[in-house]
Amino acid sequence: MNVLTRTFKEGRTEVVRIVGGDFFEALQKVLEEKDIKMGKVSFIGSFKKVKVGYYDDKTQSYVGIEFNEGPYEVIAGEGNISMKDGKPFPHIHVALGDHQGKMFGGHLMEAEVLLVEMFIEVLEGQPLERKPDEETGLTIWK
Ligand code: ZN
């Protein structure tokens, strides 16, 4: 067992609306322009196309699944912002709904946005840095 904790104070909340384009490109631009290094992310909306995945610890790599017949409702998008290689890095998971109202989702790898309405709660304190971890093969908070 290996547990890390760090204490932060709640800072400001940024409200973000994205119409069209690449989800991660838009989010990265907001994070850098607003100088957000640590935070909580939650959003709803709709994606035209999306790729979600899961981490396979046996191969130590992400397996991606593409969905190209949207739009898909973003029922819940949740994530965090921390630092990686000197830049803010978002880690996002989504629960999505298809045309039958069935849910699926996973680790968000790529998305083409129809609409996203997002809250970013900025956390004040020494930002956590993601660094490679040999045991898991992931880049984790160190
Ligand atoms: Zn993940």
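Residue 134 versus residue 117, label points 7 Å from Cα toward the beta carbon: distance in nm?
So the label points at residue 134 and residue 117 sit 4.9 nm apart.
So how much slack lies between residue 9 and residue 85, counting 0.36 nm per residue of separation and subtracting their Cα-Cα distance, in nm?
Result: 25.0 nm gained on full extension.
With each run of n ≥ 4 DSSP H residues scored as -39500 (n - 2.57), what mean residue ellipticity at 222 nm is computed for the chain after dividing by its residue count and rounding to the nearest 500 deg cm²/dmol?
Helix contribution divided over all residues of the chain: -2500 deg cm²/dmol.
Lysines near residue 34 by alpha-carbon distance under 21 Å, same-chain residues fewer than 8 away left out - which ones?
Within the straight-line limit of under 21 Å, residue 34 reaches these lysines: 9, 84, 87.
Choose one of 7, 118, 107: the residue whose Cα lies farthest towards the positive end of the charge dipole of the stretch 1-132 (beta-carbon charges +1 Lys, Arg; -1 Asp, Glu; about the Cα centre).
The residue sitting farthest along the positive end of the dipole is 7.
What distance in nm lies between label points placed 7 Å from Cα along the C-beta direction at residue 42 and residue 76?
The answer from the label model is 0.9 nm.
Taking the Cα centre of the chain as origin, sum charge times position over the Cβ atoms of Lys and Arg (+1) and Asp and Glu (-1), and report the length of that vector in debye to the nearest 20.
Here the size comes out at about 280 debye.
Assuming 0.36 nm per residue, please report the length gained on full extension of the stretch residue 142 to residue 65 beyond their Cα-Cα distance.
Result: 24.8 nm gained on full extension.
Could you identify which residue out of 33, 110, 124 has the top mean-square fluctuation in a GNM of the chain using Cα springs shorter than 10 Å?
For the chain, modelled as a Gaussian network with Cα springs under 10 Å, the answer is 33.
Shape call for the chain from the C-alpha gyration tensor, a ≥ b ≥ c root eigenvalues: rounded (a/c under 1.5), prolate (a/b greater than b/c) or oblate? Each step should come with its number before you reach the end.
Numbers: a/c = 2.04, a/b = 1.23, b/c = 1.66.
It comes out oblate by the Cα gyration axes.
So what is the accessible area of the chain per residue, in Å², with the probe set to 1.4 Å?
62 Å²
Normalised by the residues of the stretch 10-141, what does the relative contact order come to in percent, with Cα pairs under 8 Å and at least six apart?
So the answer I get is 37 percent.
Report the extension gain between residue 93 and residue 30 in nm, rounded to one decimal, defined as 0.36 nm multiplied by the number of residues separating them, less their alpha carbon distance.
Residue separation times 0.36 nm, minus the Cα-Cα distance, leaves 20.8 nm.
If the elastic network links every pair of Cα atoms under 10 Å, which of 19, 113, 52 fluctuates the most in the Gaussian network model of the chain?
19
For the full complex of protein chains and a 1.4 angstrom probe, list 37, 87 by accessible area with the highest value first.
Descending order: 87, 37.
In the chain, what percent of the accessible surface is made up of carbon and sulfur (1.4 Å probe, ligands and nucleic acids excluded)?
51 percent
The values are calculated or read from the model by the stated rules, or taken from the named source; none is laboratory data. Since we're looking at a predicted model, the values are computed, not measured. As a convention, Cβ positions derive from the backbone with ideal geometry for all residues, glycine included, and neighbour counts pool all protein chains shown. Note: accessible area is taken over every heavy atom of the protein model, side chains too, but ligands, DNA and RNA are not part of it. Shrake-Rupley method; radii C 1.70, N 1.55, O 1.52, S 1.80 Å.
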